[in-house]
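Below is one structure; the comments refer to it alone.
The values are calculated or read from the model by the stated rules, or taken from the named source; none is laboratory data. Bear in mind the structure is a predicted one, so any value in this text is a computation, not a measurement. All Cβ positions, glycine included, derive from the backbone under ideal geometry; neighbour counts span all protein chains shown.
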Amino acid sequence: MYNFYKEKLVRPLRRSSLVLKAFRLAALLMVILNMQVSARILIQKVSLTEKNSTLLSVMEKISRQTGFDFILPEGVIPFARPVTITVQQEDLALVLRKIFDEQPLNYELQEKMVVISRKLPPAAQKHAIATQVRVSGAVLDSTGKWLNAATIQIQARGAVTYSDERGRFGITGEAGDLVSVSFVGYQAFDFKLREGMPFQSIRLKPVTTSIAEVAVVSTGYQNLPKERSTGSFAQLNNEMVSRRVSTDILSRLEGIVPGLLFNRNTSGSSRGGNDISIRGTNTLFSNSQPLVVLDGFPFDGDISNINPNDIENITILKDAAAASIWGVRSGNGVIVLNCKKGNRNEKLSVELNANLTASAKPDLFYNPGYLNSSDYIDIEQKLFNSGFFDGQIGDPFQITSPVVNILAARRDGSLSSEQAETQIGQLRKQDTRKQSEKYFYRNGILQQYNLNFRGGGDKSDYYLSAGEDHHTATLIGNRNNRITLNANYNFYPLKGLWLSAAVNYIQTTAANNSTADNINPGGKYYAVFPYEQVADGNGNALAIVKGLNYEFAKNAQQQGYQDWLYRPLDELRFADNISHSIENRINTGVQYRIIPGLDIALKYQYEKQVSNADNYFSPSTFYTRNLVNEYSQPNVSGGFTYPIPNSGILQQSTGNLTSHHGRAQASLDRTIGKGHRVNAIVGAEISSATTESSGGTVYGYDKGTRSSFAQVDYATYFNLNPEGAAAQIPTNLAFEKFTDHYISYFGNAAYTYLDRYTFSISGRIDRSNLFGVETNQKSVPLYSTGLAWDMSKESFFHLTWLPNLKIRATYGYNANVNKTASAVTTLEQQSNSYYSGLPYNTINSPGNPELRWEKVRIANFGIDYAVKDNVLSGSLEYYTKQGIDLFGSSPLAPSAGFSSFFGNTANTSGHGFDIVLNSRNFYKDDFKWASTLMISYVTDKVTVYDSPATTLTYLAAGDGNGGTITPFAGQPVYGIYSFRSGPLTHDNGDPQGYLNGELSTDYKNIISTITIADLYFNGPSRPTTFGAVRNTFSYKNWTLSANIIFKLNYYFRKTSTGLSYDQIVYGSVNRDYADRWQNPGDELRTTVPSIAMPPASSDRQTFYQYSQGLVDKGDHVRLQDIRLSYTIKPFGRTTPLFKRMEVYAYLNNAGILWRKNKDHLDPDLFSGAYPLPRTISFGFNSKF
């Protein structure tokens, strides 16, 4: 079949005065309308002057003038005769009649198409009319979008064709033949051929609203029909992307993608970042996060800045066949994001989204690391009476608590016993958490607004959007605002030629002024006093103990210093820490179709991100006053000179990211002969990314004039107050620059036979400036191969209850990059040598010319299935993986100058499975109930590692939750280890361990003699089994969905109380203190040891801290979210006010339904963190 796709002339789009008046972005709408200048009322008049012209050229001219498409079956053109005709502004129908009267061909007008066929002899015509029927049509989804590569099949005859990029198709059969139109993820549509059938506009309905079994998956390089793919993909359609409410896109993946896990119990997550793993961990010391691809190129900027409202769909690439096309950055999986776009011949569509999210305050009373004020004061009194604080009282640099100061005042007679008891009695009633909750936290508010326009004519399509977010954080003083603008335009000037351009602009402004985390006393104290007060009964700011002895700081002004007291609420009022970022991304491309199915393309992306942070400390802030006081130098007149000016201080930092990506690619998608289909791409790309940062401090800064004229001596060492040590004035000066260059060659091909058997192969070579000193060492070849068999299409397959069954298998390699090592020796310049004051260099990374890329070998086996009527559908996948040449440390002889070698010395292995089960539980009339169950299992084990750590290192950091992996050959990558422990002793309540197989309290020998092999391995610190259950209920216009996630088979280490009173008073507090052993026999009711007076054995504390008894199961089930929506039907007699309106309510972080541990702890938290607060959102989504 030969198609002409020429310029269609469309009517001008009507403007809606309501939209123009309703939205502030009317200017954008005018831009859109201006794009339609070339649009004209469709004409069907034809002018021709032809003499012996080919029929093909004449049809092209007619198509160009009228917008009609010509469809020619194969073998028709050779029968065409030359055309001679002269007409001026005649009707199309008359012109066609004149042309085809002289041709051995017939024509038929079908809507906007002219279908050509051969004229048959009378007898043959009579037979053909009775038996041969040709039908043309288009396949669309339920929203009216074209479906490319839909399968149109006459099973009785084996005839198969596919819809093109505009959803169109044509197929010939006999009257009565059953034609089946199918698209994976949609309900099949069947119809019978009959004579005189009109143009068929076929709309397919999706089978479920769960994870998309969508026919076309995006790898970032190509859109690949899933029914002809062999790899492991998961895809989310726009409905699933929009189900959750958030300002970032990645958090919307939690609990809805098989094999993808959010690690909430890590330090990175506790700081607000995303710690994600896809099918476990494939590296030890390299970047473990998946690659994020946005509109076909790796996204180098801040992922949290991507506006979720601009994302159309998301594809997750999980195995080698799916992800290896991305080469050395694909080792941890790939997340492909595709932005929304317009469609050709689509009327102007306007969409407005808005929502308001309210967040509860964090639960400050959750943290078990707290001791009530009365118990804490009792301990302080016990220690004071023993003389523990005597050496600290009166020392200006030694911090003492308010209670110790009261006790000291009573002892020296400056405070009566009655006064002291009254003051201490008042402190016993205080709870600092209540004041923190009142003065440092609030209910958070998030406002999101997004407006977009999309549409297109026959020669172009466009998408414009504007978004604005306002986030008032739960921490008072913190806020974040974001503005996003996004535009893309596609132009089709000639048949087969496609020009594209896209611009994205993101601007963020953030304030980080909270002082909630800056109220610890400092010194030996690492936890706030439980009775500390930041405000009096009237809300006036109070000074707290901070950095210095409180009595010294209170009297500092009398000695000539500036006010040296710290008042958190004043600091919150004075704080002025603002950061800004601007990110620009420009995409351009050109694509040309050489022949049907063969395209060539050039694409380029430019990305620029500039960020800066200004932390301004006015003269009133404690930071400025403290620095001025510390560096004040006494002079001969009894006063002070000030090396640091008594004025504002500005700390500045800037960051710049500039990246370029270019790609040349050829794509082939053809049906060759009968039953042979080939999809292939081949190309090359080049990329370069430069990251720069700098920072410094400006003293004597005047914010009003943005200037400083201070002369500051940075070279001299000054004696500091009050302790007397010497130091230079800090500059915080730093400069960094990183440059990465890559050049890559890639290819991917899939061959499908009879729409049943598919073979795929891909290969990629990456070259980088990071590795190797010789040209042949700078590159790494990666490949994958796969097979798929659609068994349900075999003639012997007669299971009517199982109409869809596909088996697939893949094998190949992904890779990772580690940027901390280099093929050549790299130096880092330092400044101000202590001895010479001159700059000097240190070796940052010794050269290693044999460095190689980390590789991950993956084998994947999968089954896709669907029971009749899609009552049940889903997939089962099993995979194995081996990490090869991973970066790790190996010991070196001391004579080498380094104690260890960092290179390709480690290996890992793992395996797992993903199960997805979609069910249509009840579909009748207006009520529907669908469910999705996802279960994933994964294990990762270190197989080779030559530099084991110390026993205490495995105990403290083996879980990897702090951000650093401590590999142990033969054990999981993330594991929890502990000392084997027994019951408490009867007489003293001491914890007991094992030494030479016997119970012992000889903690020093237990710690020093036990080997790594003797440690008790509790289990993995990350869940090996996890998943989700989502139920969706709909009744008429109402839809209710709830998502429950579960994480199983992992462990976490609880915190507990310090085992000596001094450890407790300095901050090792825990509610376990109330359950401590106090008398013989208590060992029968508790496992918390007795508390000792100082000096106490630190080994006793270390043993207990890492004992077996403090490790608990992390298994839990959580109600992640609930969403309730109502769809309002359009109303209006003639012109509805809107096409679609949905209002919704969304509850997130609803709560834990079940947990294995008995201490009511949330195992998905990093130590000391608070549970994510519950949020509720209200919003609407409207289309006009």
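Before moving on, here are some points about what is shown:
- Unmet criterion (only one of (1) part of a strand (DSSP E or B); (2) touching a helix residue (DSSP H, G or I) at 6+ places or on another chain (Cβ under 8 Å); (3) surrounded by fewer than 20 Cβ atoms within 10 Å (Cβ to Cβ)) for ILE649: (3)
- From the list GLN398, GLN392, the lone residue that is under 21 Å from LEU371 (Cβ atoms), at pLDDT below 95 and surrounded by fewer than 19 Cβ atoms within 10 Å (Cβ to Cβ) is GLN392.
- Meets criteria (over 24 Å from VAL817 (Cβ atoms) and either in contact with a strand residue (DSSP E or B) (Cβ under 6 Å, 6 or more places away or on another chain) or assigned to a strand (DSSP E or B) (or both)) for SER909: no
Yes/no per residue for (1) of a type in the set (A, V, I, L, M); (2) modelled with pLDDT of 75 or more; (3) in a loop (DSSP other than H, G, I, E, B); (4) under 27 Å from the mean Cα position of the chain (by Cα):
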| residue | (1), (2), (3), (4) |
| --- | --- |
| VAL824 | yes, no, yes, no |
| SER833 | no, no, yes, no |
| LEU838 | yes, no, yes, no |
| ASN844 | no, no, no, no |
| ARG852 | no, yes, yes, no |
| ARG857 | no, yes, no, yes |
| ILE863 | yes, yes, no, no |
| SER890 | no, yes, no, no |
| SER895 | no, no, no, no |
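- Of the strands (runs of 3 or more DSSP E) lying entirely inside the range 1021-1113, those carrying at least 1 residues that are in contact with an Asp or Glu (Cβ under 7 Å, 6 or more places away or on another chain) and aliphatic (A, V, I, L, M) are 1038-1048.
- Taken across the range 616-623, residues that are of a type outside the set (A, V, I, L, M, F, W, C), in a strand (DSSP E or B) and surrounded by fewer than 16 Cβ atoms within 10 Å (Cβ to Cβ) do not occur at all.
- Residue list for the range 360-409, restricted to those being of a type in the set (Val, Ile, Thr) and either in contact with a strand residue (DSSP E or B) (Cβ under 9 Å, 6 or more places away or on another chain) or touching a residue at least 60 places away in the same chain (Cβ under 8 Å) (or both): ILE377, ILE379, ILE399, THR400, VAL403
- Among residues of the range 909-938, those that are polar (S, T, N, Q) and touching an Asp or Glu at 6+ places or on another chain (Cβ under 6 Å), counted: 1
- Identity of the residue in the range 58-83, among the basic types (Lys, Arg) and in a helix (DSSP H, G or I), that ends up modelled with the lowest pLDDT: ARG64
- Yes/no for GLY763 being among the small types (Gly, Ala, Ser) and at pLDDT below 90: no
- Some residue of the range 547-568 being at pLDDT 95 or above, over 36 Å from the mean Cα position of the chain (by Cα), buried (at least 16 other Cβ atoms within 10 Å of the Cβ) and part of a strand (DSSP E or B): yes
- Selection count where residues are of a type in the set (Val, Ile, Thr), surrounded by fewer than 23 Cβ atoms within 10 Å (Cβ to Cβ) and either at pLDDT 95 or above or more than 30 Å from LEU999 (Cα to Cα) (or both), scope the range 934-984: 6
- Test: LYS1113 is within 30 Å of GLY970 (Cα to Cα) and either out of contact with any helix residue (DSSP H, G or I) (no Cβ under 8 Å at 6 or more places or on another chain) or not small (Gly, Ala, Ser) (or both): yes
- Of all residues in the range 624-646 being β-branched (Val, Ile, Thr) and not in a strand (DSSP E or B), the one that is farthest from SER514 (Cα to Cα): VAL636
- When TYR566, TYR592 are screened for being closer than 27 Å to LEU650 by Cα and out of contact with any Cys (no Cβ under 7 Å at 6 or more places or on another chain), only TYR566 passes.
- A single entry from SER330, SER324, SER349, SER304 fulfils the requirement of being in contact with a strand residue (DSSP E or B) (Cβ under 7 Å, 6 or more places away or on another chain), on the phi < 0 side of the Ramachandran plot and surrounded by fewer than 24 Cβ atoms within 10 Å (Cβ to Cβ): SER349.
- Residue within the range 795-807 that is more than 20 Å from SER744 (Cβ to Cβ), out of contact with any strand residue (DSSP E or B) (no Cβ under 9 Å at 6 or more places or on another chain) and either modelled with pLDDT of 90 or more or assigned to a helix (DSSP H, G or I) (or both) present: yes
- The condition of being over 23 Å from THR1086 (Cα atoms) and crowded, with 20+ Cβ neighbours inside 10 Å holds for PRO1020.
- Only residues that are in a loop (DSSP other than H, G, I, E, B) and under 13 Å from LEU284 (Cβ atoms) were counted in the range 809-820, giving 2.
- Condition met for GLN435 (among the polar types (S, T, N, Q), surrounded by 15 or more Cβ atoms within 10 Å (Cβ to Cβ) and not in a helix (DSSP H, G or I)): no
- Picking from residues in the range 655-698 that are of a type in the set (D, E, K, R) and surrounded by 16 or more Cβ atoms within 10 Å (Cβ to Cβ), the one that is nearest to GLY496 (Cα to Cα) is ASP669.
- Residue satisfying condition, being under 26 Å from TYR463 (Cα atoms) and either touching a residue at least 60 places away in the same chain (Cβ under 8 Å) or in contact with a Pro (Cβ under 7 Å, 6 or more places away or on another chain) (or both), within set ASN305, ASN332: ASN305
- So LEU446, is it at pLDDT 95 or above, touching a His at 6+ places or on another chain (Cβ under 9 Å) and not basic (Lys, Arg): yes
- Just one of the listed residues (ASN1018, ASN988, ASN961) is outside any helix (DSSP H, G or I), more than 30 Å from the chain's Cα centre (by Cα) and under 29 Å from ASN1149 (Cβ atoms), namely ASN1018.
- Scoring ALA473 on the criteria (1) more than 29 Å from ARG567 (Cβ to Cβ); (2) under 25 Å from the mean Cα position of the chain (by Cα); (3) aliphatic (A, V, I, L, M) leaves a single failure, condition (1).
- Assessment of the range 716-739 against the conditions (at positive phi and surrounded by 14 or more Cβ atoms within 10 Å (Cβ to Cβ)) yields no matching residue.
- Meets criteria (at pLDDT 85 or above, touching a Lys or Arg at 6+ places or on another chain (Cβ under 7 Å) and small (Gly, Ala, Ser)) for SER242: no
- Selection from the range 561-610 of residues that are without any contact (Cβ under 8 Å) to a residue 60 or more places away in the chain and in contact with a Gly (Cβ under 6 Å, 6 or more places away or on another chain): TYR604
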